[in-house]
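First up is the structure itself, then whatever we jot down about it.
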Ligand SMILES: Cc1ncc(COP(=O)(O)O)c(C=O)c1O
């Protein structure tokens, strides 16, 4: 028997889980231990891209579990090869490396970019440019890239050679991206910052400077990838071909997996022994991700994202008309941020609590933004029902 207070007793206090204890989930519904039902507008944090326990993902998992669970990288891993082929078929990539998480993919991507610059250009071309309000994970390199004091304080010394520039600020970009820059690391839509899209001119200027200085562009699609924005990967909407792309979260449909995607030329810099992972690309994760990616890459699911986005945004606008509770509503597919007009008894914490009490799961993002990132195949009737619960939650708080 486990209780919520066991968390405080046995777990490192880096998280503060909700009071209820989930016991099972199916599609976009989740049940707690008292059998209360919740509509899931969160899917982990943009992870369970096809909802919970999708029957085809379950089948892929159980089928593979009866064959081989683990293989060392000294052996040929068929599920990993099949999955790598899918990524290469649907993206710019020619080579793939599998990790276990998004931050690990970021680490490997930065290593790859630096090694490429070292071998092809100069030993001093090693600087990395990252942007304000970014989120790339929690390893040392990732927090150094994030650049916020909140995440780095007390963990120094940080990895060096990183420069920060304000996101979406074209001015002075040429001062940070120069011949010493090995790579620029960027999200095209910043998720943790509250669903903020990169501006076209900003992206174009980065592209131009990177071409001029032979600098690689690492696109972090850990959260924006796997259909979240309505394209299989968001870069397809931004007129930008990444040199290296990092994925994780939604590509596994709930199983832990990450990936670094790149060209053959760049991948050549990483030779035997220069990188690796015991569990990265393990057959179980790859078999599930293979099935998830096959489904997500279909027109049916990707077109559905855009239709469902409209349903959400129209509903949220209606709520805002009634309660004047959001400063803005920003969306990129099924990835929606509503910046709250914070007032007494109405903030992100009270919102989360009240939504849970109503049976609705939502997410927080920075800057007082409520984030919605449901399964890509959430049923329309659950969207409508969930928005009704959200409206009730807002009404309760504002009355
Ligand atoms: C854009 C982005 N990059 C990287 C990460 C880190 O991924 P992980 O938590 O799997 O290490 C996240 C996680 O939220 C993310 O949103």
Item to complete: Go through the residues of the stretch 244-254 one by one and say whether even a single one is at pLDDT below 95, farther than 20 Å from residue 290 by Cα and more than 12 Å from the ligand (Cβ to nearest atom).
Response: no
Practice prompt. Could you check residue 142 against (1) in a helix (DSSP H, G or I); (2) more than 11 Å from the ligand (Cβ to nearest atom) and say which number it fails?
Written response: (2)
Worksheet entry | Subset of the stretch 86-112 (residues that are more than 16 Å from the ligand (Cβ to nearest atom) and closer than 22 Å to residue 254 by Cβ) | 86, 87, 90, 91, 96
Practice prompt. Could you list, in sequence order, all residues of the stretch 123-135 that are more than 16 Å from the ligand (Cβ to nearest atom), out of contact with any strand residue (DSSP E or B) (no Cβ under 6 Å at 6 or more places or on another chain) and in contact (Cβ under 8 Å) with a residue 40 or more places away in the chain?
Written response: 124
Item to complete: Taking residue 342 as the residue in question, decide whether it is under 22 Å from the mean Cα position of the chain (by Cα) and assigned by TED's automatic domain parsing to the domain that holds residue 382.
Response: no
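Residue-wise test of (1) touching a helix residue (DSSP H, G or I) at 6+ places or on another chain (Cβ under 9 Å); (2) more than 26 Å from residue 199 (Cβ to Cβ); (3) buried (at least 22 other Cβ atoms within 10 Å of the Cβ).
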| position | (1), (2), (3) |
| --- | --- |
| 125 | yes, yes, no |
| 138 | yes, yes, no |
| 144 | yes, no, yes |
| 161 | yes, yes, no |
| 166 | no, no, no |
| 170 | yes, no, no |
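Is it the case, given these coordinates, that residue 284 is within 30 Å of residue 58 (Cα to Cα), surrounded by 16 or more Cβ atoms within 10 Å (Cβ to Cβ), more than 16 Å from the ligand (Cβ to nearest atom) and modelled with pLDDT of 95 or more?
yes
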Worksheet item: What number of residues within the stretch 381-391 are touching a helix residue (DSSP H, G or I) at 6+ places or on another chain (Cβ under 6 Å) and over 29 Å from residue 135 (Cα atoms)?
Response: 2
Worksheet item: Can you tell me how many residues in the stretch 215-253 are surrounded by fewer than 24 Cβ atoms within 10 Å (Cβ to Cβ) and at positive phi?
Response: 2
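When the residues of the stretch 145-158 are narrowed to those that are more than 16 Å from the ligand (Cβ to nearest atom) and either outside the structural domain of residue 244 (by TED's automatic domain parsing) or not in a helix (DSSP H, G or I) (or both), which ends up farthest from residue 203 (Cα to Cα)?
Across the stretch 145-158, the extreme among qualifying residues is 154.
Take the conditions within 12 Å of the ligand (Cβ to nearest atom) and part of a loop (DSSP other than H, G, I, E, B) and apply them to residue 224. Does it pass?
Values: within 12 Å of the ligand (Cβ to nearest atom): yes; part of a loop (DSSP other than H, G, I, E, B): yes.
So residue 224 passes the test.
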Fill in: Sole residue being out of contact with any helix residue (DSSP H, G or I) (no Cβ under 8 Å at 6 or more places or on another chain) and surrounded by fewer than 17 Cβ atoms within 10 Å (Cβ to Cβ), chosen from 345, 367, 320
367
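Please enumerate the residues belonging to the stretch 370-391 that are part of a helix (DSSP H, G or I) and either surrounded by 16 or more Cβ atoms within 10 Å (Cβ to Cβ) or not assigned by TED's automatic domain parsing to the domain that holds residue 16 (or both).
Across the stretch 370-391, the qualifying residues are 382, 383, 386, 387, 389, 390, 391.
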Response to the item:
Scanning the stretch 97-116 residue by residue, the ones that are over 18 Å from the mean Cα position of the chain (by Cα) and either at pLDDT below 95 or surrounded by fewer than 23 Cβ atoms within 10 Å (Cβ to Cβ) (or both) total 3
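The values are calculated or read from the model by the stated rules, or taken from the named source; none is laboratory data. None of these values were measured; they are calculated from a predicted model. No Cβ is skipped: glycine too gets one built from the backbone with ideal geometry, and neighbour counts run over all protein chains shown.
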